[in-house]
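Every number in this text was worked out from the coordinates using simple rules, so none of it is lab data. Just so it is clear, the structure is predicted and the values come from calculations on it, not from any experiment. Virtual Cβ from ideal backbone geometry, glycine too; neighbours counted across all protein chains shown.
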Amino acid sequence: MNLSELKAYLSEGGKISFTLPNGKKVPAHFHVTEVGETTRNFMDCGGTMRQTRTATLQLWTNIDLHHRLEGSKLLNIIELSEQKLGMGNLEVEIEYQGEDTISRYSLGVGEQGLALVGTKTACLAEDACGVPGAEQLLTVVNTIKKTAAGSCTPGSGCC
């Protein structure tokens with residue numbers, strides 16, 4: 001979800017409730033402690049220079065059980081941050097305290113409001129670092145399955 005999609009969601013009265021990937025809810029008394037633009041400049045394992053820019057919202061909960069953030073207030077916070085930081089229509093990333101450290105999530109719309117979507121690492125230069133592509137991996141998996149099922153015969157290409 002990008003900023004314009006989040007703002008449209010909030011403008012249309014979308015529910016301000018965040019669900020973690022494990023189905024648990026971020027407590028309703030959360031605070032948005034930061035809205036920022038995060039820029040990452042990096043080199044992938046193939047030597048290609050890359051840059052990513054995201055709009056980052058940090059959610060925080062504490063003992064203030066009576067705090068509730070309404071959609072219009074969050075919309076105002078986001079719009080003010082866009083103006084002050086000069087952000088464009090960036091993808092939204094949510095930071096929230098995990099079990100041991102801050103966890104980062106993508107943002108989507110779920111059945112019960114906003115969904116925090118887990119992110120994964122990936123090789124960005126598969127062609128340069130020798131990681132097999134999906135087709136090669138599927139061939140290997142199918143070969144293993146045939147061998148395990150005892151259907152590997154001479155001339156079948158699995159041995």
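Can you tally the lysine pairs in the chain where the Cα-Cα distance is under 13 Å and the two residues are eight or more apart, or on different chains?
The result is 4.
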Does a label point 7 Å from the Cα of Arg40, set along Cα-to-beta-carbon, have any residues of the range 104-133 with amide nitrogen under 16 Å, and which are they?
104-107, 117-126
With Cα atoms, 0 to 90° folded angle of helix 134-148 axis to the chain main axis
50
Counting Lys and Arg as +1 and Asp and Glu as -1 over every other residue whose Cβ sits under 13 Å from the Cβ of Val26, the net charge comes to +3
Report the residue, chosen from Gly46, Gly36, Gly118, that carries the largest GNM mean-square fluctuation when the chain is represented by alpha-carbon nodes joined by springs under 10 Å.
Gly46
Across Ala128, Ala28, Ala55, the residue with the highest GNM fluctuation in the chain (Cα network, 10 Å cutoff) is Ala128
Global form of the chain, assessed from the alpha-carbon gyration tensor, a/c cut-off 1.5
prolate
Among Lys15, Lys84, Lys145, determine the one that fluctuates most according to a GNM of the chain built with springs between C-alpha atoms less than 10 Å apart.
Lys145
Given the -39500 (n - 2.57) contribution per DSSP H run of 4+ residues, what per-residue ellipticity at 222 nm results for the chain, rounded to the nearest 500 deg cm²/dmol?
-8000 deg cm²/dmol
Out of all DSSP beta bridges with both ends in the chain, state the antiparallel percent to the nearest 5.
80
Can you compute the modelled spin-label distance between Lys84 and Ile144, with each label point 7 Å from Cα toward Cβ, in nm?
5.1
